[in-house]
Amino acid sequence: MKMNKKISCFLLLMLVFLFVPGCNKKHTHDYEDATCTQPKICTICGQTEGDPLGHTYDNDCDDICNVCGETRIVQHQFIDATCEEPKTCTACGKQEGQALGHLWVDATFEEAKTCSRCGKIEGDDVLTEALKEFIPQDTSTKLDLPSSILGYDVTWTSLDKDVMLDDGVIIASDTKKIAQLQAEIKIDTHTYIKKFKIGVNSIAISKGKYDVAYNYYVTKLSNGLVKDVTLIKREYNGCSVRYLSLDENIITSDGQIKQTTVDQSTIMNIYVIQNGIAVLYPTEVTVLSFTAIQRIELTKVIVDQMIEDFQNGVITTLSTFNDEYGVTINWNSNIPEFFVLEDKVLTPITKTNVRLNCTLRYDEVSNSIEYELENVGGNMTEEEYITELVKYISKIELKGSINHLHKEYNDELFLDYQERINSYGVLNLAMPTSPVVKKEYMVDISRTDFKNKFFGSGTLGTNLKPIVGQNYLNEKFYEGYQMPNSSNVLWITVHESAMTLDGQTAEFLAKVQYRYAFEQNDARAASWNYQVDAYNIYQSFEDNVICWHAGDGTATPGSGNNNGIGIEMCVNQDGNYEGTLANNAKLVASLMLQYNLTLDNVKRHYDFSGKECPSYLIRTGRWEEFVEMVRKEYLIQKYLAGATIEYQLSTDTYQTTDEVLNNLFIEGGNGLWYNKPVSVETEVDFVIHVTKNGKKYTASSTIMLLPDEN
Ligand SMILES: [Zn+2]
Ligand SMILES: [Zn+2]
Ligand SMILES: [Zn+2]
Ligand SMILES: [Zn+2]
Ligand SMILES: [Zn+2]
């Protein structure tokens, strides 16, 4: 029953569908083509499809439709006439009227013929036009370049010096190359530059003849240069030559060199030329850094200025090293109080004239300059001066030395070189007093058994230092110089004994003098007032007694023998040379103070007779260093006189000064201590306390004890 009900519903729906009323019978559209103004349309039902085609024109200016012939009104889009084109429509190309024609402006030196309206250019500027007659596109021979054009001078420059030279000489090459050539023409105040390109063809030449000439020309440049070179310019082997430096800051093409503090190299092009064809030899040239002498000369100029600035108060320090040239600058003034330290200059407490000696040193070369400084000082109090001095005393560097000797004539030993080591340097626990002078072997020349021949061939008839004439003093010092003491001590003359054997100590030398003075009959034409080693100072003769040591005889009052105090420094190999210098510095300083002398009065044996003595000091260039040691001792003995000085030394291991000294040092004479070798680096804390006139001065430092190598 249910099934039947569904079927009857379906049938009902079918009937409803069949009886819906309909208008048209179904047909296939029959379209008529679209036209300019009408779309595609069905002729049966009138239904349209798409859009009308629209009119068809050739361009924006076409006024008749190509399809339907309908007309329209149009307007051309004209642009103005130009020099070369008449008025023209941009749309259809229609032209009206005539082109305007160019407004030519004549060519000038700078510009080619040019239309002032459109900028069109024809040809070249006047100069280029004239010059290009001489410039071929390619060449295999030297160009014939004019030296003037249109009555004006022309300077030619090749911008490619490996292809062509300025005068058109071409450079042989096995490939074709392009050269740019530049002409420079000065007309009135203006310079015109014109450039041309030329192809230089490959050229096969035989180089043999060129090579021979090159080997001749290059000789002047083959070694490192330290001065200007006169380059060889003359013809050789049928060839001429040109030079071109590729770095004029190192060497100019004329051979002038510009040295600096480093070696510099550049290439010098050497062109060997024959028949207008050059062979290029790029040649490496080295300009060496300044020589020692040059560095010193250059530093001298700086030092001159420095002194001027110092005198004018512009600067208050004098440098001890020139960084630019690596030159060491040592200052020695005759007035001990004028003292150049690393970071300041100590000047005398009262204004004084100072003669300042400046020694410039580079490697083994040195040169000295003397400056006269007027009215220096007067700007430090004594307390300020002592403060600086105490600071200076606290700066201690321990350096010993080993003197390596060799035999010269007569089997005498001479210093070959001095090796500086870390052991056996000098710790100077400076004392505010004169050093101890031992007098056990003093020679009393008033004894009747004194052997006078000991003095060589003395001619003055006296054994005591003579009065010196004013002329001599004027000549040696300055006009009006007065003998500074009543003992006629004018000089302190420093020697080295040249006695290098073990045991040839100050005591040994003193005994020798004593023996010759009283016991031995054989002549000994040598004597001296003092002998010094690292441990002792022995005096043999009173200071006012003439000794025979300076090599300048006794004929003239004022000579080193007559008026000098002779001091022999021992060089026995089992001694300590550094200690001897330090000990002697104390003696010399005390004699300066005793006899009112300056450092002008302290001389080497060499200064009187040219003998190489004191030999080690001269051979090592350390004389100025010794003078500075004397200066320091002088200042200590003078300015710390009456003061108490205490030293505090300690290390990690040793707490007291005595422990440090006794364990790490060997005692020398007069407050000198020499550091024993150590196996590990050891720091010694060092403090100096000075009390003078109730005022305390303290300075401290760290002294390094360093092991020696091997
Ligand atoms: Zn239709
Ligand atoms: Zn149309
Ligand atoms: Zn048009
Ligand atoms: Zn134009
Ligand atoms: Zn000597």
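The values are calculated or read from the model by the stated rules, or taken from the named source; none is laboratory data. Because the structure is a prediction, the values reported are computed rather than measured. Here the Cβ is made from the backbone with ideal geometry for all residues, glycine too, and neighbour counts use every protein chain on show. Calculation scope for accessible area: heavy atoms of the full protein, side chains included, ligands and nucleic acids excluded. Shrake-Rupley method; radii C 1.70, N 1.55, O 1.52, S 1.80 Å.
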* Which value in Å is the Kirkwood Rh of region 126-200 over different Cα pairs? -> 12.5
* To do: Please work out the FRET efficiency for the pair T656 and I402, using the Cβ-Cβ distance as r and a Förster radius of 30 Å; give the result to the nearest 0.05.
  => 0.45
* To do: Whole number in Å², please: accessible area per residue of the chain, 1.4 Å probe, ligands, DNA and RNA not counted.
  => 53
* Structure fact -> In whole percent, the fraction of accessible protein surface over region 83-162 that belongs to carbon or sulfur atoms, probe radius 1.4 Å, stands at 46
* **Theoretical gain in end-to-end length, E519 to R72 [0.36 nm per residue, Cα-Cα removed]** => 145.5 nm
* **Residues with amide H under 5 Å from that of F665, placed H, sequence gap 5 or more** => K676
* Assuming R0 = 35 Å, can you tell me the calculated FRET efficiency for the pair H29 and C61, based on Cβ-Cβ distance, to the nearest 0.05? => 0.35
* Give, in nm to one decimal, the length gained when the segment between S679 and N353 is fully stretched (0.36 nm per residue of separation minus the Cα-Cα distance). => 112.4 nm
* Okay, helix-only estimate at 222 nm for the chain: each DSSP H run of n ≥ 4 adds -39500 (n - 2.57), divide by all residues, round to 500 deg cm²/dmol; what do you get? -> -6000 deg cm²/dmol
* To do: With a/c under 1.5 counting as rounded, go ahead and sort region 31-97 into rounded, prolate or oblate using the C-alpha gyration tensor (a ≥ b ≥ c being the square roots of the eigenvalues; past the cut-off, prolate if a/b is larger than b/c, else oblate).
  => prolate
* Asked: Mind listing P(r) for the chain? All alpha-carbon pairs, 10 Å bins, whole percents.
  -> 2, 10, 13, 13, 9, 7, 7, 8, 7, 5, 4, 4, 4, 3, 2, 1, 1, 0, 0
* Sequence-distant residues sharing a close amide H with S319 (under 5 Å, placed H) -> none
* **HN-Hα J in Hz across region 483-499 - Karplus 6.51, -1.76, 1.60, θ = phi - 60°, x for Gly and Pro** => 3, x, 7, 8, 8, 6, 8, 9, 10, 10, 10, 9, 10, 10, 6, 6, 9
* For region 142-236, calculate the relative contact order in percent as a whole number, restricting contacts to Cα pairs under 8 Å that are 6 or more residues apart. => 20
* What fraction of the DSSP beta bridges in region 131-213 is antiparallel, stated in percent and rounded to the nearest 5? -> 90
* Mind ranking 139-151, 334-346 by how tightly packed they are, going by the mean number of other C-beta atoms within 10 angstrom, highest first? => 334-346, 139-151
* To do: Please report, in cubic angstrom per residue, the volume enclosed by the convex hull of the alpha-carbon atoms of region 269-353.
  => 151
* To do: Would you be so kind as to identify all helices of the chain, as entire DSSP H runs, whose Cα atoms reach 20 Å or more along the helix's own axis and whose mean Kyte-Doolittle hydropathy is at least 0.0?
  => 2-18, 292-311, 577-594
* Structure fact -> The set of residues whose placed amide H lies less than 5 Å from the amide H of F109, leaving out same-chain residues fewer than 5 positions away, is V126
* Asked: Once the other residues with Cβ under 10 Å from the Cβ of I251 are scored (Lys, Arg +1; Asp, Glu -1), what is the net sum?
  -> -3
* In region 571-636, what percent of the accessible surface is made up of carbon and sulfur (1.4 Å probe, ligands and nucleic acids excluded)? -> 41
* Asked: Hey, got a sec? Which trypsin sites (Lys or Arg not before Pro) in region 382-434 land in a DSSP loop and have at most 12 other Cβ atoms within 10 Å?
  -> K395
* Asked: Once the Cβ-Cβ distance between S173 and T230 is put in as r, and R0 is 22 Å, what FRET efficiency do you end up with, to the nearest 0.05?
  -> 0.15
* Residue-level accessible surface for C613, protein heavy atoms, 1.4 Å, Å² -> 10
* Structure fact -> The relative contact order of the chain, taking Cα pairs under 8 Å that sit 6 or more residues apart, comes to a percentage of 8
* Asked: How much length is gained on full extension from R447 to T266, taking 0.36 nm per residue of separation minus their Cα-Cα distance?
  -> 57.3 nm
